[in-house]
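**Q** Below is a structure I'd like to ask you about.
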Amino acid sequence: MRSGRIGFFVAGALIALSASVARGGSDAQTRVQPVPLGGSLANQEGERAFGVYVPTRFGGQLSVAASAGTLTPLSGPGNTPWQVGVEIGLNRHGWYLFKVTDADKPYTISTEFTQVAESTRKPWNFYYWPTKGDCIHEPWAGGNARVDTYQVAGDDVMVAKPGAYIAPGQDIVLPGPNGILETRPAPGDTITWFPNVYDDLTFLSAEGTLHTTPAPMLKFDQLFGTSARGWEAANSQNRDIQRWPGHCLGGAVASIMLNEPVPAPGSGMTADELKSLWAELGENHYNHQIGDYANEIPPGPPRPGLDPTDVYVARVHNMYERHIRGKKQALLSNMRAFPPRGTNTEVWNHGVGRYVAKYHAVPGRGERAVRIEMELQANSGSNLNNGDNKPRIVKYEYILVYGLNGEVDETNTSTNDWLSVGGEAMFAPLNVMEILNSRWQGHNPMITEQSVRALDLANGGAGSRFAMASAPQFRPVATYEAGRGPVFALGNNNAPNAPTPRRGFFGGFFGGGR
């Protein structure tokens, strides 16, 4: 069946080529020799005509080279001209014909086909703002395996028995409902600061060094007269050291849908702090309308031969090609864990805005079956103070089949094979999704779209009162919130209308004790 189909197309190529060769002065019709896409054909002699098949209608750059002689492009699909190494354009799938003349020795023909796709709006890097609070814990290395801190201050909570044995890295004291760690560690224990949205203006390390910290919701409260920081601390703290939920869903969606934020000078916010407010507004997954998607993909990891990821190959690649290449539209994807010690339950949401795909024919499988080396570029979800201001590069390799229409054949999945993952990936992605639109309202009822836009010169705030104002002198939590009543957690009668947080559903978290 496949060999017959090849013969049909080659015969068509021969008809188109015969006239071209005749016009070039040849006194005999020349048989077209197929050359594998992304491969080579050795030991060719004399003047010959060749053809290479491009299966995708989404275009790319087709390059052809001969190790000897002169190579001349003849015609592309529909008997149209083409140039070697130049973008072929959309809807130009089919046979590309060329000839080699004046070769004085045996030669090799080689071909390359590369498709580069990039979204119009490049997803910007962000920080995922974990909900884990600062904590006192046993050192990861060099500790004495004993709980040395015996007393807590403020509303802090002792979560380990004083004097008891404790494993490396395990928590001893956590913040209470106010979200601020007020206890100092005893010698033998240590303290770790986790930058989060409900931080104070400063953090005192175990060694006594005072650090300036991001404090997005504390600053927001002082700009708008709200209690967003207290609400977030009371309702969103995570106390499980093995799970690290945060705001990676909201940050990834915002990075796809919005311009990279520019804080109004009069707001006193940093770019990172402003991004955190957008991440909060985008964290409620019920507020995002999903269009096209591939979902519930098993982690694998993919391997050559039959495995559970294979049937998802066509759908996943169709998502990339139709949206990033065809529509220049970034996609949302949970790309799972980083190597080398990640687990398949980790959630890392990213905006995927660029890829480079290299195509190779699959021997013995017909001209529309290809092996694709895919290099995807996603944004960073851990960039704070430009500490990780670079993309996440993920590599997938798989075999799939295109239809006659130049699109991936999603009805022909039985012969697909997801071969491998690499780069900064260990598993297949959980999902790849198109975001159609979003309603910007997160779980914290005091953070509103209108107020955040007023702080953001890149997304509607150029005419706000903060654009030309002078930045305020922000006060620490102890001063600003002095005398205020506590913010009650959800379920308390004092907060009957507060939404239920669902941070753990899509939020990013570290695994393996990191």
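The values are calculated or read from the model by the stated rules, or taken from the named source; none is laboratory data. The structure presented is a predicted model; accordingly, all values stated were derived computationally and were not measured. Every residue, glycine as well, gets a Cβ built from its backbone with ideal geometry; the counts of neighbours run over all protein chains shown.
**Q** Under 6 Å by Cβ, and 6 or more places apart or on different chains, what pairs join a residue from segment 308-334 that is in contact (Cβ under 8 Å) with a residue 60 or more places away in the chain with one that is assigned to a helix (DSSP H, G or I) and surrounded by 22 or more Cβ atoms within 10 Å (Cβ to Cβ)?
**A** Cβ pairs passing all conditions: ALA330/ILE256; LEU332/ALA252.
**Q** Of everything in segment 63-91, what is over 14 Å from VAL52 (Cα atoms) and hydroxyl-bearing (Ser, Thr, Tyr)? Give them in sequence order.
**A** Of everything in segment 63-91, those that are over 14 Å from VAL52 (Cα atoms) and hydroxyl-bearing (Ser, Thr, Tyr) turn out to be SER67, THR70, THR80.
**Q** For segment 390-424, how many residues meet the condition of being under 15 Å from GLU321 (Cα atoms), among the aliphatic types (A, V, I, L, M) and out of contact with any Leu (no Cβ under 9 Å at 6 or more places or on another chain)?
**A** 2
**Q** Is there any pair linking a residue in segment 77-91 that is in contact (Cβ under 8 Å) with a residue 24 or more places away in the chain to one that is of a type in the set (Ser, Thr, Tyr) and assigned to a helix (DSSP H, G or I), with Cβ under 7 Å and at least six apart or on different chains, and which?
**A** Once the first residue is in contact (Cβ under 8 Å) with a residue 24 or more places away in the chain and sits in segment 77-91, no partner that is of a type in the set (Ser, Thr, Tyr) and assigned to a helix (DSSP H, G or I) comes close enough.
**Q** Take segment 393-405 and flag every residue that is touching a Ser or Thr at 6+ places or on another chain (Cβ under 9 Å) and surrounded by fewer than 20 Cβ atoms within 10 Å (Cβ to Cβ).
**A** Residues satisfying the conditions are LYS395, GLU397, ILE399, GLY403.
**Q** Now a separate question. Given the conditions (1) more than 30 Å from VAL401 (Cβ to Cβ); (2) surrounded by fewer than 22 Cβ atoms within 10 Å (Cβ to Cβ); (3) at pLDDT 95 or above, and given that VAL253 satisfies all but one, which numbered condition is not satisfied?
**A** Of (1) more than 30 Å from VAL401 (Cβ to Cβ); (2) surrounded by fewer than 22 Cβ atoms within 10 Å (Cβ to Cβ); (3) at pLDDT 95 or above, only one is false for VAL253: (2).
**Q** Now for a different question. Would you be able to say whether some residue in segment 450-458 is of a type outside the set (A, V, I, L, M, F, W, C), crowded, with 18+ Cβ neighbours inside 10 Å and in contact (Cβ under 8 Å) with a residue 24 or more places away in the chain?
**A** yes
**Q** Of the residues ASN295, ASN259, which single one is closer than 14 Å to SER333 by Cα, surrounded by fewer than 24 Cβ atoms within 10 Å (Cβ to Cβ) and not acidic (Asp, Glu)?
**A** Unique residue meeting the criteria: ASN295.
**Q** Being crowded, with 16+ Cβ neighbours inside 10 Å, in contact with a Pro (Cβ under 9 Å, 6 or more places away or on another chain) and either modelled with pLDDT under 95 or over 28 Å from CYS248 (Cβ atoms) (or both): is that true of THR111 here?
**A** Yes; evaluated as a whole, the condition is true for this residue.
**Q** So which residues in segment 202-226 are in a loop (DSSP other than H, G, I, E, B) and buried (at least 18 other Cβ atoms within 10 Å of the Cβ)?
**A** Within segment 202-226, PRO214, ALA215, THR226 qualify.
**Q** Could you check segment 346-391 and list, in sequence order, the residues that are polar (S, T, N, Q) and more than 16 Å from the chain's Cα centre (by Cα)?
**A** Hits for segment 346-391 are ASN385, ASN386.
**Q** For segment 425-448, does any single residue satisfy the condition of being farther than 22 Å from ILE324 by Cβ, not in a loop (DSSP other than H, G, I, E, B) and not hydroxyl-bearing (Ser, Thr, Tyr)?
**A** no
**Q** I've got another one for you. Does GLU87 qualify as being surrounded by fewer than 21 Cβ atoms within 10 Å (Cβ to Cβ), in contact with a Ser or Thr (Cβ under 6 Å, 6 or more places away or on another chain) and either within 24 Å of ASN318 (Cβ to Cβ) or modelled with pLDDT under 95 (or both)?
**A** Against the criterion (surrounded by fewer than 21 Cβ atoms within 10 Å (Cβ to Cβ), in contact with a Ser or Thr (Cβ under 6 Å, 6 or more places away or on another chain) and either within 24 Å of ASN318 (Cβ to Cβ) or modelled with pLDDT under 95 (or both)), GLU87 does not qualify.
**Q** Tell me which strands (runs of 3 or more DSSP E) are completely within segment 49-137 and hold 2 or more residues being under 22 Å from ILE324 (Cα atoms) and within 29 Å of the chain's Cα centre (by Cα), or say none if there are none.
**A** 61-66, 107-118
**Q** Could you tell me whether segment 306-322 includes any residue that is over 21 Å from ASP417 (Cα atoms), surrounded by fewer than 24 Cβ atoms within 10 Å (Cβ to Cβ) and not small (Gly, Ala, Ser)?
**A** no
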